[in-house]
Amino acid sequence: MSEEQNEYRGPDRRNRPTPFLSAYSFKGGRRKSGGRRPEEVGESFIDVYPAWAWILLTLFLILNLLDAHFTLIYLQRGGEEGNPVAVRLLASGMGSFIGVKAAGVSLGAAVFCVLANFRNGRIGVIIALSFYQLLLLYHAALYFNWIGNVIS
């Protein structure tokens, strides 16, 4: 850095760290990592989310929709839903089931996206993706009768 860039210009006019949500969270900003001060490196809120976060969260939403799809196939073949919340949503109609499921997971994905720069947020995404992959393996096992004739 040149002398000009290191020149003291007075107190930092930005006296707060980047907030959880700001105007730049939706219309774009410049902060892709770290903070604006040396002590803010590492876990801090950012304005621009990395491509890997968007890819993982899109995968997360696709896996959720596949789960809903295979759940409906399973129910049409005579299976029963074990989740009492899903049972009530299904009683309200297929649209309610898929809509509420998609909205809930979309909200969770948005929270994961905002927390993409935090270690626990990244761990949460990996755990959720692992869970959905195991769930889809279970759905595949039911669909192809790999675990016995569970559904008629």
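The values are calculated or read from the model by the stated rules, or taken from the named source; none is laboratory data. Everything numeric in this text was worked out from a predicted model, so none of it was measured. A quick note on method: Cβ atoms are made from the backbone with ideal geometry, for glycine too, and the neighbour counts reach across all protein chains shown.
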Can you give me the number of residues within the range 87-144 that are over 15 Å from the mean Cα position of the chain (by Cα) and of a type in the set (Lys, Arg)? 1
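Among the listed residues Leu75, Leu59, identify the single one that is under 26 Å from Leu115 (Cβ atoms) and either modelled with pLDDT of 80 or more or not assigned by TED's automatic domain parsing to the domain that holds Leu134 (or both).
Numbers: Leu75 fails: under 26 Å from Leu115 (Cβ atoms).
Just a single option satisfies the conditions, and that option is Leu59.
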Report, by residue number, each residue of the range 119-143 that is free of Cβ contacts under 8 Å to residues at least 40 places away in the same chain, loosely packed, with under 13 Cβ neighbours inside 10 Å and under 17 Å from Pro50 (Cβ atoms). Asn120, Ile123, Ile126
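Hey, any hits in the range 73-87 for a residue that's within 22 Å of Pro50 (Cβ to Cβ), in contact (Cβ under 8 Å) with a residue 40 or more places away in the chain and aliphatic (A, V, I, L, M)? Spell out the reasoning first.
Applying the first criterion (within 22 Å of Pro50 (Cβ to Cβ)) to the range 73-87 yields none.
The answer is no, given that none of the residues of the range 73-87 is within 22 Å of Pro50 (Cβ to Cβ), in contact (Cβ under 8 Å) with a residue 40 or more places away in the chain and aliphatic (A, V, I, L, M).
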Criterion violated by Lys101 - all others in (1) charged (D, E, K, R); (2) in the same structural domain as Tyr138 (by TED's automatic domain parsing); (3) modelled with pLDDT under 65 satisfied: (3)
Find all pairs meeting these conditions: Cβ atoms under 7 angstrom apart; at least six residues apart or on different chains; first residue within the range 99-116 and closer than 9 Å to Asn64 by Cβ; second residue among the small types (Gly, Ala, Ser). Lys101/Ala68
